[in-house]
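Below: one structure, written as structure tokens.
The values are calculated or read from the model by the stated rules, or taken from the named source; none is laboratory data. Predicted, not measured: the structure shown is a model, and the values here were computed from it. We place every Cβ from the backbone using ideal geometry, glycine too, and count neighbours over all the protein chains shown. The area values use the complete protein model at the heavy-atom level, side chains included, leaving out ligands, DNA and RNA. Shrake-Rupley method; radii C 1.70, N 1.55, O 1.52, S 1.80 Å.
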Amino acid sequence: MKAGGSSGSVRLLLGTRNPKKLAELEELLNDLPLRLVTLNHFPRAKEVVEDGQTFRENSKSNGGFLRLI
């Protein structure tokens, strides 16, 4: 099953609403039994402020936020 398909055994939440990021990750992970979902599936989810100086700092911020969903 391709990533993003409806019958993947594991759902993976991407901390983004960006359709281009979703498409890129679907292509990279298409051999895995994953169902990729984005923050668009959670309309009440607030936007995460990415004010870190590095990608790593922002990903930690996003990860902490997503645990709350």
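Can you tell me how much longer the chain between E24 and V37 gets when fully stretched, taken as 0.36 nm per residue apart minus their C-alpha distance, in nm with one decimal?
3.4 nm
Pull up all non-local amide H partners of L12: gap of 5 or more, or a different chain, and H-to-H distance under 5 Å with H placed in the peptide plane.
R35, L36, V37
To the nearest 10 Å², what's L12's accessible area with a 1.4 Å probe?
70
Tell me, what is the FRET efficiency for E57 and T16 to the nearest 0.05, using R0 = 22 angstrom and their Cβ-Cβ distance as r? The partial results should precede the final answer.
Working: r = 16 Å, r/R0 = 0.75.
So the FRET efficiency works out to roughly 0.85.
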